Structure formats: structure tokens, C-alpha cells
């Protein structure tokens, strides 16, 4: 959530942010009104309580008719205090509910617009000219079936659409990717973490995934637990309700977990293969830093993502995501999109978001510095979303006979294998 003081001091900035996101600007005025009622009712409650305490002292010293009058006033005060308390609680509840609906403030340098209004910042690698090489590229599913690596038919039989099996070399390729990604993250100073896939409501809400993203979240009603769509949720909530010492920052974690997404708003999109699925594994970077360090940390996370994609020898571009496509927690987001030959376009492989103080305020995570306690900043960055990375590797490194060249960084994790060969039928 954002700082209420900032909202009161500069509501136009918050309105501009909402407008840039394409979200409800009227929410700002509703929140200002609720906050004013919360504060005024709090003042009234305090005044009535103070009068109540003073009256109690007078009653102790009074006698006769005077005491009777004071007791009568005390009864009225008791009712007034109770009413003021209820009014204060109602206004506070309304304020908190509205505050949780308000998205993070958009960074002023973010391009304004929708999904297609991003700005391309960098382009890396060379896109292969398959026509010049004399063959038509196969898509990842055809390649995966030739290699005995991907089985979507049995995935659908067992679990339904958008589920799959990774088999044989496909399973080994996932393990190689995860281990290589974790090795890079560990070398960069991240603490490896295996995180829970089920979290409590306060963890999911605290990271901002029960707002606009709620339609994509799986909920277990009987247990009131949520399946995470990213280990970001568990890593953000790891220090929930804690005060961290400034000299311990930055704290950096690399979480591995299964991820679950309904993909509720993507009917008919990417239905072939394993590009857009309901369950996948992912290595996620997560950082806790002081607010002053968040922008620099954001650039560092992006550099680690670029290092990873470069090591996989993939052509990719970096985009500055537009305001209407940020997600409620992010103030700014960079995506790295790899070239997918059979789609003829770049598609998102990694993403890194600067969430500033938004998540830490909701999760009550603070930093102590020079005897002062204040919210800190949280950031996240995908290092390896496995299925999409497999898609990019298979399509970009394929050979005319259906074999696939293994990027050098993965070879030590695949027993030194340089080529993935088609299996005999």
C-alpha cells in the first residue's frame, strides 16, 4: 500500500498514477474522505475519553446533587464514547479497505499506455535466418515430441488442458536449467530457498495478488490457503511482521517453487505446447533494500537476467513495461523477451519489478536505521521460468534433423551432452 501521508500531501500525484494505469481515479477521493473521517472520529474519541477520565476524578470528590448530575453526565459520556469508538473503527476499516484497492505509484519515467505501449531499451543477440540455412524451423512442441521431451496429450488426459509431462531429456533439461540458474544466483550472492507452494491469505494479499490478479489465483476453500503463482509471494512474506537491521541489507533470496496460474484471461492464447500453462517451475530472485537503493537494485536484477539469457545464447530484447501493464505492486517493470522463431516475435521470458515500499507496508516489514524504524523496499525478478525457457532453447538452437544444440552453460548439468538427439520411434 502507499503512504497515507503522501496521499494527503500530494493527491494529484496519486490521481495521475491511477490515470496512467487506467484504474479508478475516484478511488483517491473516496480514500481521502474515509481518511478524514478516520482522523476526525479518532480526535473526537480521544476528547471524549479525556473528558470521561476527568469526570471520573470529579465524581470521586462530589456529593449530593452535584454527584448525581455528574453520574448522569457520565452515563451519557459512556454512550458517546462507545459511539465514537464504533465510528472510528468503521472509518478505519473503510480506509484500510480502500487503501488495499489502490495500486502502487507509477514511476514518473514509465511509458504511459497499455500492453503494446512499452519502450524497447536494448536488443541482444542475433536472430537466426533459417531460410538462409535452408530449412523451416519446427515449433517447440514438434521438437519436444521428436526428442521424447514433452507430452501434452497425456498431460491433458491426466489433468486437463494446459498441463503437460516433461519426459526423458525434457525432465533432465528442466533440472539443468534450475541448477544452472541457482548456480548463477548463488555466485551473485543470493541465498537459495525452497519455498512453500501454499500460503495463507495475508501472505497473498500482502504481496498484492488478491487484487487485479485474483482471477488467476487458485484457492483451496477447505483450508483457506492459496497456491502461489510465483515464489515471490513466499519470499516477500518471509520477513512479514519483522524489523530488519539496516546493516543486514541488502537481503537477496533465490527461490525455487512450483507455480500455479489459472490463466483466466487468456482463453485461446498460446494453447499449443507449453508456453502458457497452469503449472510450472521457476527460479525467482527477491531483494530487500532501503528505499533509496531500490532503483539501483532494480538495474542490478535486470543485469542478472540479461546475464542469464546471454549465457543461454538466446536473442532477446529488454522493454520498459507501460503503466497499464505493470501489475498493482510494481512502480516500474522491465521484461526480457526472447525471440521465438516460429511465432516470429519476441515473447516474455523474464521480468523484474521494483515494488518500492508497497509490499513492505502491507506485510509490516520495516528496517531499523539510526534508531528509526521505517518501511523498506522489495523487488523481484524472474531468473528462469522453466517451460518458456525450454520453448526458447528448443526453437532457437534446433538443427535441420530435429536435434537441438545444448548451450554451453547447461552442458555440465547434462553430463557434458552437446546435442539433444531425436529418439527412435
Notebook entry, point to check: R0 = 41 Å: FRET efficiency of residue 30 with residue 272, Cβ-based, nearest 0.05?
Noted result: 0.40
Next item on the list: Between 318, 158, 289, find the one with the highest GNM mean-square fluctuation for the chain; connect C-alpha pairs within less than 10 Å.
Entry: 158
Next item on the list: Please give the helix 169-187 orientation as an angle from the longest Cα principal axis of the chain, in degrees from 0 to 90, rounded to the nearest 10.
Entry: 50 degrees
Next item on the list: Rank these for me by crowding, 238, 334, 218, going from fewest to most other beta carbons within 10 Å.
Entry: 218, 238, 334
Note to self: Taking a ≥ b ≥ c as the square roots of the Cα gyration tensor eigenvalues, with a/c under 1.5 meaning rounded and otherwise prolate when a/b beats b/c, else oblate, which class fits the range 223-340?
What the structure shows: oblate
Margin query: Can you compute the helix-only [θ] at 222 nm over the chain? Use -39500 (n - 2.57) per DSSP H run of at least 4 residues, normalise by all residues, nearest 500 deg cm²/dmol.
Written below: -13500 deg cm²/dmol
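Can you work out the FRET efficiency for the pair residue 136 and residue 194, with r the C-beta to C-beta distance and R0 = 60 Å, to the nearest 0.05?
On the way: r = 41 Å, r/R0 = 0.69.
So the FRET efficiency works out to roughly 0.90.
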Next item on the list: Rank-order 109-115, 162-168 by packing density, defined as the average count of other C-beta atoms within 10 Å over each peptide's residues, highest first.
Entry: 162-168, 109-115
Notebook entry, point to check: Using the alpha-carbon atoms, what tilt in degrees (0 to 90, nearest 10) does helix 294-311 show relative to the longest principal axis of the chain?
Noted result: 20 degrees
Item checked: Mean Cα-pair separation over length for the range 322-416, i.e. relative contact order, pairs under 8 Å, 6 or more apart, % -> 22 percent
Notebook entry, point to check: What FRET efficiency would be calculated for the residue pair residue 423, residue 78, taking the C-beta separation as r and a Förster radius of 56 Å, to the nearest 0.05?
Noted result: 0.10
Next item on the list: Kindly list the residues of the range 313-339 that lie in the label zone of residue 123, defined by a backbone N under 15 Å from the point 7 Å along the Cα-to-C-beta vector.
Entry: 315-320, 337-339
Note to self: Give me the percent relative contact order of the range 119-420, please, defined on Cα pairs under 8 angstrom at least 6 residues apart.
What the structure shows: 23 percent
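Based on other C-beta atoms within 10 Å, arrange 368, 362, 300 from fewest to most. Provide the component values of the computation, followed by the final result.
Details: 368 15, 362 22, 300 19.
Going from least to most buried by this count: 368, 300, 362.
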Notebook entry, point to check: Which part of the range 16-33 falls in the paramagnetic zone of residue 90, meaning amide N under 20 Å from the point 7 Å along Cα-to-beta-carbon?
Noted result: 30-33
Notebook entry, point to check: In what sequence do 95, 207, 123 fall when counting other Cβ within 10 Å, fewest first?
Noted result: 123, 95, 207
Next item on the list: Could you pull out which residues in the range 152-188 have an amide N less than 20 Å from a spot 7 Å beyond the Cα of residue 411, following the Cα-Cβ vector?
Entry: 169-170, 172-184
Next item on the list: Pull out the extension gain between residue 112 and residue 299, defined as 0.36 nm times the separation in residues minus the alpha carbon to alpha carbon distance; nm, one decimal.
Entry: 65.3 nm
Next item on the list: Return the whole-Å distance between the Cα centroid of the range 1-48 and the Cα centroid of the range 135-207.
Entry: 42 Å
Check: How far is helix 11-21 tilted off the main Cα axis of the chain, in degrees rounded to 10, range 0 to 90?
Finding: 30 degrees
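Coordinate-derived values only; no laboratory data. Values in this document were obtained by computation on a predicted structure and should not be read as measured data. In this analysis, Cβ positions are derived from the backbone assuming ideal geometry, glycine residues included, and neighbour counts consider all displayed protein chains.
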